[in-house]
Amino acid sequence: MPLEKEKVIEAIKEAKEKAKKRNFTQSVELILNLKDIDMKSPEGRIREQIELPHPTPEEMNKLCIIAKGELALKAKRAKADLV
């Protein structure tokens, strides 16, 4: 069954309207189940990049890395907020 953009937008609007108001910035998570696609074969792999219409401000994004050794050093060099 093809996915119709209008139905997805309407479902998200309905979910947001029915949700209780919170005292923090909320997000919406979208999960898609893909059927009949072999992700192991090169033809079945999906490489898409989607620009969000309302990106979050950079100061809101925080990154915590739980690692040790070489991975922890790489995270510190990459300027993770907390390692």
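The numbers here are math on the coordinates, done by the rules we state, and not lab data. As the structure is a prediction and not an experimental result, all values here were calculated from the model. For neighbour counting, all protein chains shown are included, and Cβ atoms are generated from backbone atoms with ideal geometry for every residue, glycine included.
Just a few scattered comments:
- Fully extended contour minus Cα-Cα distance, from residue 11 to residue 47, at 0.36 nm per residue: 10.4 nm
- The lysines within cross-link reach of residue 5, meaning a Cα-to-Cα straight distance under 21 Å and a gap of 8 or more places when in the same chain, are 13, 16, 18, 35.
- Efficiency of FRET between residue 61 and residue 40 - r from beta-carbon atoms, R0 30 angstrom, step 0.05: 0.40
- Nearby lysines by direct alpha-carbon distance to residue 74 (threshold 18 angstrom, same-chain neighbours under 8 apart not counted): 62
- Alpha-carbon gyration tensor eigenvalues x 5, square-rooted, for segment 2-79, Å: 30, 25, 12
- Phi to ³J(HN,Hα) by Karplus 6.51 cos²θ - 1.76 cosθ + 1.60 over segment 36-45, Hz, x for Gly, Pro: 6, 10, 8, 5, 7, 8, x, 5, x, 6
- The length gained on full extension between residue 74 and residue 23, counted as 0.36 nm times the residue separation minus their Cα-Cα distance, comes to 14.9 nm.
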